[in-house]
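Trainee: Right, I'll just put the structure down here and ask away after.
The values are calculated or read from the model by the stated rules, or taken from the named source; none is laboratory data. Computed from a prediction, not measured in an experiment: that's the story for all the values here. Note that each Cβ is placed from the backbone with ideal geometry, even for glycine, and that neighbours are counted across all protein chains shown. Heavy atoms of the whole protein, side chains included, go into the accessibility calculation; ligands, DNA and RNA do not. Shrake-Rupley method; radii C 1.70, N 1.55, O 1.52, S 1.80 Å.
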Amino acid sequence: QDLIDGRYLLDDRSWRWNREASQQLAFDLQQKTRVSLKFYADEKSFVSALALHDNVGDQYCLRIIDTFVDTEEELYAIVTEWDDTTLAKMLDTGRLLLPEILVIVRSLALLLDRYEVLGLVETLLDPSRIVRIGRDWKMINFDHLLPAGQWMRVDVEISGPAYLSPEVASAWRTA
């Protein structure tokens with residue numbers, strides 16, 4: 001099973017579909033380019049992801065190149081554009097110049113604004129989840145989006161002296 005859908009050569013040749021959501025990087029033999037394959041555990045999450053891609057738009061998220069479904073294996077996948085240049089890698093080099101920093105900030109501000117318009121909140125804005133496609137910077141997936149107003153549990157571990165604003169300390173005392 002080296003080729004997925006007859007055209008995608010996975011980086012991780014040992015990967016096997018175990019009916020759990022996952023993301024794999026691959027090489028598209030037809031287009032001769034790097035791609036990301038996002039596998040979904042069920043049809044409902046696959047259809048939801050497609051709808052979310054449509055709502056967010058290619059300007060803000062990775063452009064969909066292909067989709068495929070294998071009903072026999074219960075395999076649902078979305079194939080998107082990819083580039084190995086993550087913001088984390090760029091930050092590690094220490095070579096970001098002001099014009100590029102401005103492009104990054106603008107791209108992320110537009111993305112977060114789009115999420116707000118759609119009533120969504122990004123809960124993990126991490127440099128390893130942001131990839132450069134051409135001159136744009138895009139989020140690699142929607143795994144950490146929540147509808148605005150939805151509660152989420154946050155565990156905080158403090159190791160050392162910490163300052164809490166009076167408002168936060170008051171809220172913790174009354175909770």
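Trainee: Quick one: what Rg and Dmax do you get for the stretch 1-49 from the alpha carbons, in Å?
Mentor: Answer for the stretch 1-49, Rg first and Dmax second: 11.3, 31 Å.
Trainee: Counting Lys and Arg as +1 and Asp and Glu as -1, each charge on the Cβ, what is the dipole of the chain about the Cα centre in debye, to the nearest 20?
Mentor: Values: 19 positive and 29 negative charges, 116 e Å.
For this selection, approximately 560 debye.
Trainee: Compute the length gained on full extension between residue 84 and residue 44: take 0.36 nm times their separation in residues and subtract their Cα-Cα distance, giving the result in nm to one decimal.
Mentor: On the way: separation 40, 0.36 × 40 = 14.40 nm, distance 2.91 nm.
Contour length minus Cα-Cα distance gives 11.5 nm.
Trainee: Any idea what angle helix 98-117 forms with the longest principal axis of the chain, computed on alpha-carbon atoms, 0 to 90 degrees, nearest 10?
Mentor: 90 degrees
Trainee: Scan the stretch 1-90 for GluC sites (Glu not before Pro) in coil per DSSP, keeping those whose Cβ has at most 10 other Cβ atoms within 10 Å, and list them by number. Can you show the working numbers first?
Mentor: Working: sites: 20, 43, 72, 73, 74, 81; in loops: 20, 72, 73, 74.
Counting only loop positions with at most 10 other Cβ atoms within 10 Å, the GluC sites (Glu not before Pro) in the stretch 1-90 are 20, 72, 73.
Trainee: Further, regarding this structure: For the stretch 1-94, compute Rh as the Kirkwood radius over C-alpha pairs and then the Stokes-Einstein diffusion coefficient at 20 °C and 1.002 mPa s; write the answer in µm²/s, rounded to an integer.
Mentor: Numbers: Rh = 14.2 Å.
Reported coefficient: 151 µm²/s.
Trainee: Something else: Per DSSP helix of 4 or more residues, -39500 (n - 2.57); summed, then divided by the residues of the chain. What does that give at 222 nm, rounded to the nearest 500? Show your work: numbers first, answer last.
Mentor: Working: 4 runs with 50 residues, N = 175.
Per the formula, -9000 deg cm²/dmol.
Trainee: Using only the alpha carbons of the chain, what is the convex hull's orientation-averaged projected area in square nanometres? It would help to have the intermediate numbers written out before the result.
Mentor: Working: hull surface 56.0 nm².
Mean shadow area of the hull around the Cα atoms is 14.0 nm².
Trainee: In the Gaussian network model of the chain, springs joining C-alpha atoms below 10 Å, which of 87, 37, 96 carries the largest mean-square fluctuation?
Mentor: Greatest mean-square fluctuation among the candidates belongs to 96.
Trainee: At a probe radius of 1.4 Å, what is the per-residue accessible area of residue 16, in Å² to the nearest 10?
Mentor: Here the residue's solvent-accessible area equals roughly 120 Å².
Trainee: To continue, here is another question. At 0.36 nm per residue, minus the direct Cα-Cα distance, what do residue 146 and residue 15 gain on full extension? Give it in nm, one decimal, please.
Mentor: Details: separation 131, 0.36 × 131 = 47.16 nm, distance 2.89 nm.
44.3 nm is the gain from fully extending residue 146 to residue 15.
Trainee: With a point put 7 Å past each Cα toward its Cβ, work out how far residue 71 is from residue 125 in nm, to one decimal.
Mentor: If labels sit at residue 71 and residue 125, their model points lie 4.3 nm apart.
Trainee: Also: Where both residues lie in the chain, what percent of DSSP beta bridges are antiparallel, nearest 5? Kindly include the intermediate steps, with their values, before the conclusion.
Mentor: Working: 32 of 33 bridges.
Bridges in the chain are about 95 percent antiparallel.
Trainee: In nm, give the distance between the simple-model label positions of residue 96 and residue 136, each being 7 Å from the Cα along the Cα-to-Cβ direction.
Mentor: In this crude label model, residue 96 to residue 136 measures out at 1.9 nm.
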